[in-house]
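Here is the structure we will look at.
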Amino acid sequence: MTAQPTLDLITLGEGMVQFGARTRGSLRHVRTYDVHAAGSELNVAIGAARLGLRVGWISRLGADDFGDLLLSAARAEGVDTSQVVRDATDPTGIFVVQRGYPIDGHSSSIYYRAGSAGARLSVAELDVDYLSRTTIIHTTGISLAVSGELAEAAATARAAAAAGGAQRSFDVNYRAKLWSPDEARPQVEAALASSDIAFCSLEDARALWGVDDADAALELVASLGPDHTAVACGRDGAIMLGPDGVRVRAAAVPTQVVDTTGAGDAFCATVLTGIARDWPAEMLLQRACLVGSIVCGVAGDNEGIPTLDELERVATNRWVHR
Ligand code: KDG
């Protein structure tokens, strides 16, 4: 007998605490920080849960206060954390966001994640039965870059979920601070080739394949095999190709940008929610761009992701201000 899926989505990857500088400028001179729960795959888990999916997050955290912070953040959103392992030895990873310096309008992430608990997720810690009970599994290129152990765990988890009938989702999420384009390209291409749903920002396509045009990026990624391919282009919106071969486009929603970190994850969370809930393609992409832009207007990676009810009220002009 085939077990019925009990989750709509599982994400797997390292959670991190973000220290976001409150002021612009070099970190040498920053004295105050806001603290946020972050990490790409945790952001996607939180976002999709807020949008109404049943979500599980697989990860490893230090047995420290920052690990408690991330666990509480996931649980507060209703994300199932039964598969999060605590590590008594290694710490939870953190990163610091420097703003508007030295390039106006741009943030830089400074990682303190070497030797973190999250990098040590091993195949032996995966529960195959849990993995076989989801409709979608989502991982990113960050896990491929962080450690061989985490990369292997991600690949094994994807295969186990697929064996149970899940769709495999992958976001390229290229991080130049973690590996070079030449190191990343073959691994990213292999992951895309074994994915049903693929995400690649135009920025990532430029870094990995030197592609400058959104349609060319979409065609390149789609040619590797996924049924659904989405390319997010920041202020220029997004395009998506579905299994029916139809290409849809959506414009970005102008916003006063506070912090773009996490916008790509919010976009992914919305697309995955739309796929899980069978939203029509155009509506799905418009909603994903809208959520991405709302997140850009709020500090933190995932705090700006709306609930499904909020999203619908904004998208259909039914938001009541007072
Ligand atoms: O997408 C946002 C992430 O980049 C951030 O939360 C930190 O996971 C992170 C990473 O590895 O860059």
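The values are calculated or read from the model by the stated rules, or taken from the named source; none is laboratory data. Fair warning: this is a prediction, and the values are worked out from it, not measured in the lab. Quick reminder, even Gly has a Cβ in these numbers, built from the backbone with ideal geometry, and neighbours come from all protein chains shown. The protein model used for the area step is the full one, side chains on, heavy atoms only, and it has no ligands, DNA or RNA in it. Shrake-Rupley method; radii C 1.70, N 1.55, O 1.52, S 1.80 Å.
Odds and ends about this structure:
- Subset of region 31-59 [within 14 Å of the ligand (Cβ to nearest atom) and of a type in the set (D, E, K, R)]: D34, E41
- Long-range neighbours under 9 Å by Cβ, at least six apart or interchain, first residue touching a residue at least 60 places away in the same chain (Cβ under 8 Å) and within 10 Å of the ligand (Cβ to nearest atom) within region 14-27, second acidic (D, E) and open to solvent by less than 10 Å² (accessible area, probe 1.4 Å): E14/E41; G15/E41; Q18/D301
- Filtering region 120-148 to residues that are within 16 Å of the ligand (Cβ to nearest atom) and not in a strand (DSSP E or B) leaves R120, L121, G141, I142, S143, L144, A145, V146, S147.
- Flag if D104 is of a type outside the set (A, V, I, L, M), surrounded by 16 or more Cβ atoms within 10 Å (Cβ to Cβ) and either more than 15 Å from the ligand (Cβ to nearest atom) or modelled with pLDDT under 95 (or both): no
- Unique residue being within 16 Å of the ligand (Cβ to nearest atom), open to solvent by less than 60 Å² (accessible area, probe 1.4 Å) and either part of a helix (DSSP H, G or I) or of a type in the set (A, V, I, L, M, F, W, C) (or both) when the list is F95, F66: F95
- Screening the candidates D212, D244, D236, D265 for the property of being within 21 Å of E41 (Cβ to Cβ) and among the acidic types (D, E) yields one hit, D265.
- Residue in region 36-46 that is modelled with pLDDT of 95 or more and either open to solvent by 20 Å² or more (accessible area, probe 1.4 Å) or farther than 25 Å from R158 by Cβ (or both) present: yes
- For region 253-317, the helices (runs of 4 or more DSSP H) that sit wholly inside it and include 1 or more residues that are away from the ligand (no atom under 16 Å from the Cβ) and within 19 Å of G234 (Cα to Cα) are 281-296, 308-315.
- Search result, residues across region 163-177 that are among the hydroxyl-bearing types (S, T, Y) and over 22 Å from R133 (Cβ atoms): Y174
- Checklist (1) in contact with a strand residue (DSSP E or B) (Cβ under 9 Å, 6 or more places away or on another chain); (2) touching a residue at least 60 places away in the same chain (Cβ under 8 Å); (3) open to solvent by 10 Å² or more (accessible area, probe 1.4 Å) applied to R50, failing item: (1)
- If you filter region 170-187 down to residues that are within 14 Å of the ligand (Cβ to nearest atom) and in a loop (DSSP other than H, G, I, E, B), you find that the one that is most open to solvent (accessible area, probe 1.4 Å) is K177.
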